[in-house]
Amino acid sequence: MTKTLLDAIREGPLLADGAMGTQLMIAGLEQGNCGEAWNLTHPERILAIQRRYVDAGSDCLLTNTFGGSRIMLNRHAHADDVVAINTAAVQLAREAFGDREGYVIGDIGPFGGLMEPYGEFTEAQVLGAFREQAKALVDAGADAIIVETQTSLEELSLGLTAAREAGAACVIGSMAYDVTLDGSTFRTMMGVDPERAAEFMEEHGADIVALNCGTNMDMERARHAALRYAQVTGLPIMVQPNAGQPKLVDMKVVYDETPDQMVTGVVPLLEAGASIIGGCCGSTPDHIRAFRKAMDQFRTAKAVS
Ligand SMILES: [Zn+2]
């Protein structure tokens, strides 16, 4: 890799990948099973998913480690495999790029519980779990760490601290917003609005401010969030919206926003200043391929104008 991720986005926007979780289901993972363990038991399936994203044009891949912290893995009796699972994930993403240049973003998702006094976990336990995961990802060669699908500033700060301490070359904080019932605005489940989140992430050492997933956060809402971030921080912005809203069809969760529908939001996001664009739940290699085309056309149009 000749350029760091942060240097690369100074030169132009990058394309991330689409969903991993929904792709794992398609590949045969059953609801409630441990997708991260597949990094060890079914590496060829993870590699196949990530190669499809690289073929579609992704410049960045998130590692298959959303639930790769000790607290999450412990629920599947894989707590002893934290380092092995996270190390393998980085190696698989790197392998998926093959000869192509690309950035491996080590993924840290929520620990999946509540901290004291509301829940059973101490802050020290959560920080310890994030530290262990972040160190494994960085030691394996991740180009960045993303602390994603965050809803509370307390947990976010522990993730950012762990990523910084691990020596990540680039630290990304990513919030999940829900549109309010009256549709007028959006905030996280824990009541954090985008301005507060962006300020907090900058204060806590994030290099990139991001948003992903959420409820009713389509491409247009993501653009609003990006604009609200830009009002309070000069940090680069990353967005990964879902492919529409989850619907239950035949007891299966489906996302029905097509690549054609979702891609209409790409240029407005670029115009709003987004530096990295990808997709969260329900997005597929076909969505990413459509994004690639739109981003390339945008760049060409800018170059000639
Ligand atoms: Zn999602």
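The values are calculated or read from the model by the stated rules, or taken from the named source; none is laboratory data. Predicted model, so just to flag it, every value in this text is computed and none were measured. With ideal geometry, Cβ positions are generated from the backbone for all residues, glycine too; neighbour counts draw on all protein chains shown. Accessible surface is based on the protein model in full, side chains and every heavy atom, while ligands, DNA and RNA are left aside. Shrake-Rupley method; radii C 1.70, N 1.55, O 1.52, S 1.80 Å.
So for region 18-125, averaging the separation of alpha carbon pairs under 8 Å that are six or more residues apart and normalising by length, what relative contact order in percent results? Spell out each step's value before the answer.
On the way: 128 pairs, mean separation 30.5, N = 108.
Relative contact order, region 18-125: 28 percent.
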Pairs of lysine in the chain with Cα under 26 Å and at least 8 positions apart or on different chains: total? 4
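For region 157-305, which whole-number percentage of the solvent-accessible area (1.4 Å probe, protein heavy atoms only) is attributable to carbon and sulfur atoms? Mind dumping the intermediate values first?
On the way: 3490 of 6600 Å².
That share works out to 53 percent.
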Hey, if you put +1 on the Cβ of every Lys and Arg and -1 on every Asp and Glu Cβ in the chain, which of Leu269, His42, Ala166 ends up farthest toward the positive end of that dipole? Leu269
For region 5-55, which whole percent of the accessible surface, found with a 1.4 angstrom probe, sits on carbon and sulfur atoms? 49
Treating only the Cβ atoms of Lys and Arg (+1) and Asp and Glu (-1) as charged, compute the dipole magnitude of region 1-119 about its Cα centre; round to the nearest 20 debye. 60
How much area per residue is accessible in region 52-118 when the probe is 1.4 Å and only protein heavy atoms are counted (Å²)? 41
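What size of dipole, in debye to the nearest 20, comes out for region 68-209 about its Cα centre when the only charges are +1 on Lys and Arg C-beta atoms and -1 on Asp and Glu C-beta atoms?
Working: 9 positive and 24 negative charges, 61 e Å.
The dipole of region 68-209 has a size of about 300 debye.
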For region 1-76, treating each Cα as an identical point scatterer without solvent, what Debye log10 I(q)/I(0) comes out at q = 0.13, 0.23, 0.26 1/Å? -0.47, -1.05, -1.21
Any idea what the relative contact order of region 107-217 is, in percent, if you count C-alpha pairs under 8 Å spaced at least 6 apart? 26
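How many percent of the alpha carbon pairs in the chain exceed a separation of 38 Å?
Numbers: 2504 of 46360 pairs.
Value for the chain (Cα pairs over 38 Å): 5 percent.
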Order 243-256, 187-200 from most to least packed using the mean count of other Cβ atoms within 10 Å. 187-200, 243-256
In debye, nearest 20, what is the charge dipole magnitude of the chain about its Cα centre with +1 on Lys and Arg Cβ and -1 on Asp and Glu Cβ, if you could check? 600
Region 119-138-region 33-74 distance, computed between alpha-carbon centres (Å): 20
For region 229-279, what is the accessible area per residue in Å², given a 1.4 Å probe and the full set of protein chains? 47
Which helices, taking whole DSSP H runs in the chain, have alpha carbons extending 24 angstrom or more along the helix axis plus mean Kyte-Doolittle at least -1.0? 285-304
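Relative contact order for the chain using alpha-carbon pairs under 8 Å, separation at least 6, rounded to a whole percent?
Details: 619 pairs, mean separation 55.9, N = 305.
Relative contact order, the chain: 18 percent.
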